[in-house]
Amino acid sequence: MERLSQEQNKTKALEVKSVFSVDVEDGVSIAMRDIFNKTVPQTDRVIRTTEVILDLLAKHHTKATFFTLAQVAEAFPALVQRIVSEGHELAVHGNKHLLFSQMTPQLARQELSSAKKKLEDISGQYVIGHRAPAFSISERTPWAIDVLLECGFQYDSSIMPIKASRYGWPGFSENPCLLIGNDNRKLVEVPIKPIKLFGKAFPYSGGSYLRLLPYSLIKTGFSQNPTQSILYIHPYELDTKQYPDYYLAALKKESLWTQLKMRSMWFNRKNTIHKLDDLLSCFRFDTMKNFIKATEQQKTLKKINFRELVARGKNSTL
Ligand SMILES: [Zn+2]
């Protein structure tokens with residue numbers, strides 16, 4: 001935070017834009033491990049699909065934040081070097097893509113400090129940001145904030161302030177906020193801003209929502225929040241090539257329900273690139289780091305005593 005504030009003093013006023021972020025992970029090897037219980041190497045499909053996003057960002061002269069899995073960075077360091085050489089921000093998306101709900105605080109500390117060090121060693125840059133796999137920081141894992149502070153992160157973007165079955169922290173602030181933790185240490189949290197429909201909060205700005213929802217609805221969300229939308233995309237959501245034989249063979253052995261669930265992740269992938277292209281034409285985006293700097297300059301960051309929030313418990317609202 002101090003580092004961000006120092007940089008902020010040196011720079012002129014920044015325009016607040018929405019955020020374009022990418023969760024760089026290899027969908028094939030994660031699914032093989034998490035769904036089919038088989039370990040396979042990282043596939044180079046993540047290189048091709050991430051490069052499609054890099055090319056699209058270059059076409060629109062836009063910089064983004066790439067929350068990168070350390071396993072991908074280790075397997076494909078040249079991809080990380082391309083990301084930073086083109087002026088994008090590098091940030092952490094875990095070491096092995098373990099959800100916070102699957103980890104103890106001790107394991108999370110090891111995973112995150114190791115991931116941060118690996119990305120810094122490969123890129124030669126200081127890394128300050130974090131996004132949890134599957135938005136897994138929730139009211140069930142508030143200790144994650146202390147772990148992030150201990151590991152030296154300055155901001156996090158892992159909270160979906162909605163009620164969903166697998167993730168979400170309903171009642172959490174929908175706007176960026178400054179969490180004050182132990183020993184007065186501070187972490188900026190940038191939640192994924194939802195839109196309100198029929199009085200309920202719905203995500204619209206990334207992942208399967210961006211892939212599956214009608215584009216008119218997505219655009220309505222971005223129009224309502226032209227300087228507050230947090231776009232997030234996974235490279236595999238642009239992957240339209242047939243999956244490897246070992247994946248298809250493993251999928252065939254699963255229950256009909258699992259087969260349908262996994263096949264649903266392929267719907268509408270060929271349209272994703274066109275949606276991103278149009279959003280980049282219609283709205284202005286920047287990195288998470290610049291979004292936070294601009295928000296700090298406007299003094300709109302709400303301060304939240306994190307200890308009090310956790311103590312108030314599950315039903316607390318901000
Ligand atoms: Zn992920």
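Tally time: how many residues in the stretch 31-59 are more than 16 Å from the ligand (Cβ to nearest atom), within 19 Å of the chain's Cα centre (by Cα) and either buried (at least 17 other Cβ atoms within 10 Å of the Cβ) or acidic (Asp, Glu) (or both)?
As a first pass, look at the stretch 31-59 and keep what is more than 16 Å from the ligand (Cβ to nearest atom): 36-41, 44, 47-48, 51-52, 54-59.
Add one more test, that the residue is within 19 Å of the chain's Cα centre (by Cα), and what stays is 47, 51-52, 54, 56-57.
Going one step further and asking which of them are either buried (at least 17 other Cβ atoms within 10 Å of the Cβ) or acidic (Asp, Glu) (or both), we end up with 47, 51, 54, 56-57.
Residues meeting the conditions: 5.
Considering only the stretch 60-85, state which residues are within 16 Å of the ligand (Cβ to nearest atom) and closer than 22 Å to Glu15 by Cα.
Ala64, Thr65, Phe66
Listed here are the residues, each with its yes/no results for (1) part of a strand (DSSP E or B); (2) touching a Lys or Arg at 6+ places or on another chain (Cβ under 9 Å); (3) in contact (Cβ under 8 Å) with a residue 24 or more places away in the chain; (4) more than 24 Å from Val92 (Cα to Cα).
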| residue | (1), (2), (3), (4) |
| --- | --- |
| Lys241 | no, yes, yes, yes |
| Lys289 | no, no, yes, no |
| Lys299 | no, no, no, yes |
| Ala311 | no, no, no, yes |
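What number of residues within the stretch 6-30 satisfy the criterion of being open to solvent by less than 40 Å² (accessible area, probe 1.4 Å) and either modelled with pLDDT under 55 or part of a strand (DSSP E or B) (or both)? Steps first, please.
In the first step, residues of the stretch 6-30 are kept if they are open to solvent by less than 40 Å² (accessible area, probe 1.4 Å); the result is 8, 16, 18-30.
Filter again for either modelled with pLDDT under 55 or part of a strand (DSSP E or B) (or both), leaving 8, 18-24.
The total comes to 8.
Are there any pairs, at least 6 apart or on different chains, whose C-beta atoms fall under 9 Å, with the first in the stretch 22-39 and without any contact (Cβ under 8 Å) to a residue 60 or more places away in the chain and the second away from the ligand (no atom under 13 Å from the Cβ) and not in a loop (DSSP other than H, G, I, E, B), and if so, which?
Asn37/Ala250; Thr39/Met32
Of all residues in the stretch 212-226, which are touching a Ser or Thr at 6+ places or on another chain (Cβ under 6 Å) and either open to solvent by 10 Å² or more (accessible area, probe 1.4 Å) or among the polar types (S, T, N, Q) (or both)?
none
Looking at this structure, is Tyr209 surrounded by 14 or more Cβ atoms within 10 Å (Cβ to Cβ), in contact with a Phe, Trp or Tyr (Cβ under 8 Å, 6 or more places away or on another chain) and in a helix (DSSP H, G or I)?
yes
When you scan the stretch 87-97, do you find a residue that is at pLDDT 95 or above and open to solvent by 30 Å² or more (accessible area, probe 1.4 Å), even just one? Quick ask: steps written out before the conclusion?
Keep residues of the stretch 87-97 that are at pLDDT 95 or above, which gives 87-97.
Now restrict to residues that are open to solvent by 30 Å² or more (accessible area, probe 1.4 Å): 87, 96.
Scanning the stretch 87-97, I find at least one residue that is at pLDDT 95 or above and open to solvent by 30 Å² or more (accessible area, probe 1.4 Å), so the answer is yes.
The values are calculated or read from the model by the stated rules, or taken from the named source; none is laboratory data. The model shown is predicted, which means the values in this text are computed figures rather than measured ones. Ideal geometry is used to build each Cβ from the backbone, glycine not excepted, and the neighbour counts take in all protein chains shown. Quick note on the areas: whole protein, heavy atoms, side chains included, nothing else; ligands and nucleic acids left out. Shrake-Rupley method; radii C 1.70, N 1.55, O 1.52, S 1.80 Å.
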